[in-house]
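Readers should treat all values here as calculations from the given coordinates under stated rules, not as data from a laboratory. Here the structure is a predicted model, which means the values were calculated and not measured. No Cβ is skipped: glycine too gets one built from the backbone with ideal geometry, and neighbour counts run over all protein chains shown.
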Amino acid sequence: MKIPVVSKDPAYQLPRFAHPGDAGADLQAAEALTIGAGEYALVATGLSMAIPEGHAGLVLPRSGLAVRTGVTVLNSPGLVDSGYRGELKVALINHGTEAFEIAVGDRIAQLVIVPVSAPDYELVESLGDTERGAGGFGSTGLGGD
């Protein structure tokens with residue numbers, strides 16, 4: 001995927017996979033800032049990219065960061081459309097009880113590139129029946145039911 005030069009800071013790297021087979025590539029902060037307890041911030045990654053047409057980027061939390069600190073992606077998953085060419089920023093929220101310090105190069109989220117379909121939407125009078133029907137939240141029972 002094409003990514004222009006983003007940062008001269010030696011602590012900064014392009015998105016990368018921590019382990020072979022990982023679905024999400026780590027995104028790093030391109031700026032230092034503090035997110036207070038209960039606060040949120042839009043964190044620059046310094047990245048812009050050309051996501052291939054027919055695909056989208058999903059910005060997801062880093063599970064370890066969320067568990068250790070309470071910091072997660074506010075609008076999870078964040079959606080990056082293939083036509084977007086601006087800087088990728090990550091909306092983080094601090095659900096923790098202490099301020100969270102971010103340094104340049106800190107891994108703050110993950111990016112997963114997925115194929116997407118673009119169906120033609122059609123207005124109809126009714127939908128076909130299914131076994132589930134309109135059953136929504138809780139329609140299959142609670143817990144071990």
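Dipole of the stretch 25-115 (Lys/Arg Cβ +1, Asp/Glu Cβ -1, origin at the Cα centre): which of T72, T45, G86 lies farthest to the positive side?
Final value for the positive-end residue is T72.
Per 0.36 nm of contour for each residue apart, how much would the distance between N75 and E101 grow if the chain were fully extended, relative to their Cα-Cα spacing?
Once the chain is fully extended between N75 and E101, it gains 7.4 nm.
At 222 nm, what helix-only mean residue ellipticity would the chain give, in deg cm²/dmol to the nearest 500, using -39500 (n - 2.57) for each DSSP H run of four or more?
Calculated at 222 nm, the ellipticity per residue is -1000 deg cm²/dmol.
Return I108, I102 ranked ascending by Cβ neighbour count within 10 Å, so the fewest neighbours appear first.
Details: I108 22, I102 18.
Least crowded to most crowded, the residues run I102, I108.
Tell me whether the chain comes out rounded, prolate or oblate; compute the Cα gyration tensor, take square roots of the eigenvalues as a ≥ b ≥ c, and use a/c under 1.5 as the rounded threshold.
Oblate shape, in that a/c is at least 1.5 and b/c is the bigger or equal ratio.
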